[in-house]
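The values are calculated or read from the model by the stated rules, or taken from the named source; none is laboratory data. It should be emphasised that the depicted structure is a prediction, and the values quoted were computed from it without experimental measurement. All Cβ positions, glycine included, derive from the backbone under ideal geometry; neighbour counts span all protein chains shown. The protein model used for the area step is the full one, side chains on, heavy atoms only, and it has no ligands, DNA or RNA in it. Shrake-Rupley method; radii C 1.70, N 1.55, O 1.52, S 1.80 Å.
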Protein chains: 2
Amino acid sequence: MNNVVSPIQKARLAYAPKLPAALRAGANVKCEEGPKQKAFADTEKIEARFPNTSNMPVLTFGAGNGAAAKPVNVAVILSGGQAPGGHNVIAGLFDGLKSLNPASRLYGFKGGPSGLTDNKYIEITADFLAGFRNTGGFDMIGSGRTKLETPEQFEKAEANCKALGITAIVIIGGDDSNTNACLLAEYYKAKNAGIIVVGCPKTIDGDLKNAFIETSFGFDTATKVYSELIGNIERDANSAKKYWHFIKLMGRSASHIALECGLRTQANITLISEEVAAKKQTLDQVVTTIADSVAKRAANGENFGVALIPEGLIEFIPDFKVLIAELNDILAKDAEAYGAITENDRKAAFILGKLTEKSAAVFASLPMEIKMQLTMDRDPHGNVQVSRIETEKLLTQLVKAKLDGWKKEGKFVGKFSTQTHFFGYEGRCSMPSNFDADYCYSLGFNAAAIISTGKTGYMSSVRNLIAPADQWIAGAIPLTAMMNMEHRHGEDKPVIKKALVELDGAPFKMLAANRDKWAVETSYVYPGPIQFFGPSEVADITTITLALEKGK
Amino acid sequence: MNNVVSPIQKARLAYAPKLPAALRAGANVKCEEGPKQKAFADTEKIEARFPNTSNMPVLTFGAGNGAAAKPVNVAVILSGGQAPGGHNVIAGLFDGLKSLNPASRLYGFKGGPSGLTDNKYIEITADFLAGFRNTGGFDMIGSGRTKLETPEQFEKAEANCKALGITAIVIIGGDDSNTNACLLAEYYKAKNAGIIVVGCPKTIDGDLKNAFIETSFGFDTATKVYSELIGNIERDANSAKKYWHFIKLMGRSASHIALECGLRTQANITLISEEVAAKKQTLDQVVTTIADSVAKRAANGENFGVALIPEGLIEFIPDFKVLIAELNDILAKDAEAYGAITENDRKAAFILGKLTEKSAAVFASLPMEIKMQLTMDRDPHGNVQVSRIETEKLLTQLVKAKLDGWKKEGKFVGKFSTQTHFFGYEGRCSMPSNFDADYCYSLGFNAAAIISTGKTGYMSSVRNLIAPADQWIAGAIPLTAMMNMEHRHGEDKPVIKKALVELDGAPFKMLAANRDKWAVETSYVYPGPIQFFGPSEVADITTITLALEKGK
């Protein structure tokens, strides 16, 4: 640890996270079994793939009698991208295990799933942990993106666990990591390995949620950090009255982050990828939506605004998807001929001649810079790197071109100057909000409770999150209950379903009901920075998304 | 006003800013005159230019007896770029004027200095003001960049003021705006117009400070917002262990923002433009400094880091400045021939052939994208737009090129993947920190006290800022005392001296003493978000820069 800590870091180390009432007497809970839960879709296929971990009951925990249990040795890993609160899951797990029996031990395997197979670990002690309580980041034990999915990996992990007397593995990760947690649970149960597996729902993207998991941890904090910045920029836009700010927001394929930030800040434009896909909107339609707001605001004398753009947008636009597919084909076939051309204009003309009419029109509409980015900057498999496209800049250029046309037609009278931003890394390792600090600590403590029941293949579940923490409901959900079959990389695989924005859900409906007004009027809300102290309505309330989903 | 406000906005509207003890009984203060203060340089020329407002005493205020004064009508304008706390200067001014006499009136002239000449104003009432107390932004009355410097403008402003019975103008601005405030004060005093002028020190850049002005308002809040984000990114870098983040920070010509953020977050690299200029460093030397840190950290297995880059850096690098000057010449002379070339490679070769040997070497070292940006994207006067250069991206490309060379020589064994960021607009309109809320309110209230003395050509001064607010010293400094003569746009002009980073000052020395360690080790500090509530050490402390300057 660094020996210099900021005053806030110091104050946060001393914060005592709140637990659900059921866990306050310790992790040795009273366990109630609910009805058995089948996979929500493709039930038979999931049962066939997971004969030992399907059709298991939902568990709900009540307060135990505080009696000591047997000591247990546990492994924990962080998997995938950072999310605020990961350290608190580990802190809660540690305290939960010690509440079962002070002789329990917790081992942190380092650098993600590969730590488990490569046997890189540290024992987590109270002293070590003290410097990480309520902090952001995954630096305590690191994370990684190795996929744990082969029997060889499972065997290695088992051997490493056995050597340390470990009988439970807690995997903190997103939908993919928890899918793999389920594979591991099934594998160990089938061979009676004596190791149970528990998952915890992590991701700032907010796309790991379902009937039993109300939200993934980190989503609250990350969206609050982004909303702080968006609000600051809105106020700057409204003060300088000079720029349209185009802000891309992290969140890969799901637009939950953009939606939450849009609701929180009432930006002029909030694009939702899922809607673009559902309505089969063209790139030109998306551009027109924004240009329309710019023109209307300009007519009111307001030559400024803020537009929020979800990271994955471009991949959800059907005509753009077709273009990308065609480009991949052309570049694979004609790589050499294309590579021999040195001038940009001639490169573009070469491509244009080989595209279908529809894709040619889309390609022709793009600025040269993006044309070159699309055709030159490819991944090791030769594919276009869609994620590298600066969508926020692409859209400013296309909107500008559209407005230039409208200006000639007299449909736009105003100025259009832009600034672009991408917010992502700013929010993944922020100090967790009080909500995420409490929620994560509870998820970890609750994982210890699941371990105390001896049951495997479950995800730690803490629900009723819009109520105060003492009313939160602690329990466990079979991982298989969240699964369905999906076609990935050429084969049908059982996976936890990724939760995209639902167009008939309350959060999207709230946006849809207000966006025509927000697109034209200046209705900005300034959320300000995350507060750890102060009145509860300032420091403790979670997302608008969750409140709306729960009917509040 | 928007009728939806966030919980924090609501809480902040109710915050009561703290005042210096001398102002707590009202703005009708006891005024002590100190020694007469000459201009700190070019004294005779300043005296000649400002015969009526030179050699005036420094004023220090003591608590008055609370007696009412005559009502006074006052104008206020915001000038230049946004800074957190501008609304609070106006709130303090309003409350100060009302403390003199409830019949006093305050008029806000809209859109900056041009509002004063174009007679665009609103009367600021208690109700109107209530929605803006302790908020960020300049949206209350807007701002602008019109320079108030000609007699015609002064006459128009006078006529508009006279029509409203206004006898004092408060100008909230940076060094340029306060220079113009001084010109205006002198002009009115000379003609006995009966209108006094008071300045207030505003700018997030932190470059308006001197023996009497400890800091400009907004610097505290803006650097805290940027430091929050830098800290979050540091934690992400240290968790993912995958990227070097190059972060450009707003601040035009001065590097105070980068320096404060560097001290606060202990980033691996903090570049200071003033040092680059003083040491006449070449672009290659700057690149080598960064590449050196990357290589040393890679040798320790740490292929990640954070580098802070001041916005104005590129203009401080001597060899780059020469290149720009040569490019301006070439492009002016050979615009047509250059414009006729279509291929980038040939464009670059054309330029290269016309540069001096030294500049040719610099130009040749640049990536093609930057070469084209430098030669194609010119301002209306045909000059290279240096401010448009994405310095953060330029440096990643040059560092990569350097490391590729070192790799071949075996001097670098590691990976170098980058992410770039530019933080500026995120911090200019943030809700002011408690410090800036208090400081700005005090500056405004104190301006009312200056008005009560009837003296013109002063800047509102609140000092001893590292002590609690009740120990702050209220007073006034003659604007001419901060002036010297500078050569600008072909002529010698009296201007308030811009305070650049002093290389023998304590803040820079602190950086210099630690940076070799920070460049190699991971010594990150995570400042977290601005806190409005909670313990004083978390919520009320101002910048490290000021503490060091005051010997703390």
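Annotations
- Using bins of 10 Å that start at zero, the share of Cα-Cα pairs per bin across segment B:167-264 amounts to 15, 33, 23, 15, 9, 4, 1, in whole %.
- Of the GluC sites (Glu not before Pro) in segment B:477-509, those whose Cβ has at most 16 other Cβ within 10 Å and which sit in DSSP loop: B:Glu502
- Counted charge near B:Leu183, where neighbours are those whose Cβ lies closer than 15 Å (Asp, Glu -1; Lys, Arg +1): -3
- Plainly put, the tip 7 Å out from Cα toward Cβ on A:Thr342 is 1.5 nm from that tip on each other copy, the closest given first.
- Sparse packing (at most 13 other Cβ atoms within 10 Å of the Cβ) combined with a DSSP loop state is found for none of the chymotrypsin sites (Phe, Trp or Tyr not before Pro) in segment B:42-117.
- Averaged over the residues of peptide A:235-246, the number of Cβ atoms from other protein chains lying within 10 Å of each residue's Cβ is 6.
- Label-point spacing at A:Gly301 relative to the other copies reads 6.4 nm, in ascending order, each point sitting 7 Å out from Cα along Cα→Cβ.
- Within 10 Å of the Cβ of each residue in A:33-41, the mean number of Cβ atoms contributed by other protein chains is 0.
- Remark: accessible area buried at the A-B interface is about 4700 Å², both chains counted, probe radius 1.4 Å.
- Between B:Ala401 and B:Ala360, the contour length at 0.36 nm per residue exceeds the alpha carbon distance by 13.0 nm.
- Legend: calculated FRET efficiency, B:Arg388 to B:Ala332, from the Cβ-Cβ distance at R0 = 22 Å, rounded to 0.05, equals 0.75.
- Computed over chain A, relative contact order equals 24 percent, with contacts defined as Cα pairs under 8 Å that lie 6+ residues apart.
- Projected area, mean over directions - segment A:1-94, Cα convex hull, nm²: 10.0
- Inter-centroid distance (Cα atoms) of segment A:83-116 relative to segment B:25-62, Å: 65
- In degrees, nearest ten, helix B:256-265 long axis to first principal axis of chain B (Cα): 70
- For segment A:123-140, the Karplus equation 6.51 cos²θ - 1.76 cosθ + 1.60, evaluated at θ = phi - 60°, returns couplings of 7, 8, 10, 4, 5, 4, 5, 3, x, 10, 5, 6, 9, x, x, 10, 6, 4 Hz by residue, with Gly and Pro reported as x.
- Peptide-level mean, for B:533-546, of C-beta atoms on other protein chains within 10 Å: 3
- When the pairs B:Lys202/B:Lys498; A:Lys242/B:Lys400; B:Lys333/B:Lys358 are compared against a 24 Å limit on Cα-Cα distance, A:Lys242/B:Lys400 fall above it.
- Take every Cα pair under 8 Å whose residues are at least 6 apart in sequence, average their separation, divide by the length of segment A:1-116, and the relative contact order is 26 percent.
- Principal-axis tilt of helix A:151-163 within chain A, Cα atoms, nearest 10 degrees: 40
- Summing Lys and Arg as +1 and Asp and Glu as -1 over all other residues whose Cβ lies under 14 Å from the Cβ of B:Gly26 gives a net charge of +3.
- Stokes-Einstein diffusion coefficient of segment B:394-552, Kirkwood radius over Cα pairs, 25 °C, 0.890 mPa s, in µm²/s: 119
- Accessible surface of segment A:129-170, 1.4 Å probe, proportion on carbon and sulfur as whole %: 57
- Cβ-derived FRET efficiency at R0 56 Å, B:Thr150 paired with A:Ala48, nearest 0.05: 0.05
- Within the same chain, aspartates and glutamates fewer than 8 places from B:Lys402 are excluded, and of the rest, those with a Cα less than 14 Å from its Cα are B:Asp284, B:Asp292.
- The stretch between A:Met368 and A:Glu123 holds 82.8 nm of extra length on full extension. This uses 0.36 nm per residue minus the Cα-Cα distance.
- P(r) histogram, all alpha-carbon pairs of chain A included - 10 Å bins from 0, percent: 4, 17, 25, 24, 17, 9, 3, 0
- Degrees separating the helix A:318-333 axis from the principal Cα axis of chain A, which is the longest one: 90
- FRET E, pair B:Ile341, A:Lys415, Förster distance 35 Å, beta-carbon r, rounded to 0.05: 0.65
- Label spacing, shortest first and in nm, from A:Gly353 to its equivalents in the remaining copies (7 angstrom along Cα→Cβ): 3.0
- Residues of segment B:299-341 with amide N under 13 Å of the 7 Å Cα→Cβ point at B:His381: B:325, B:328-329
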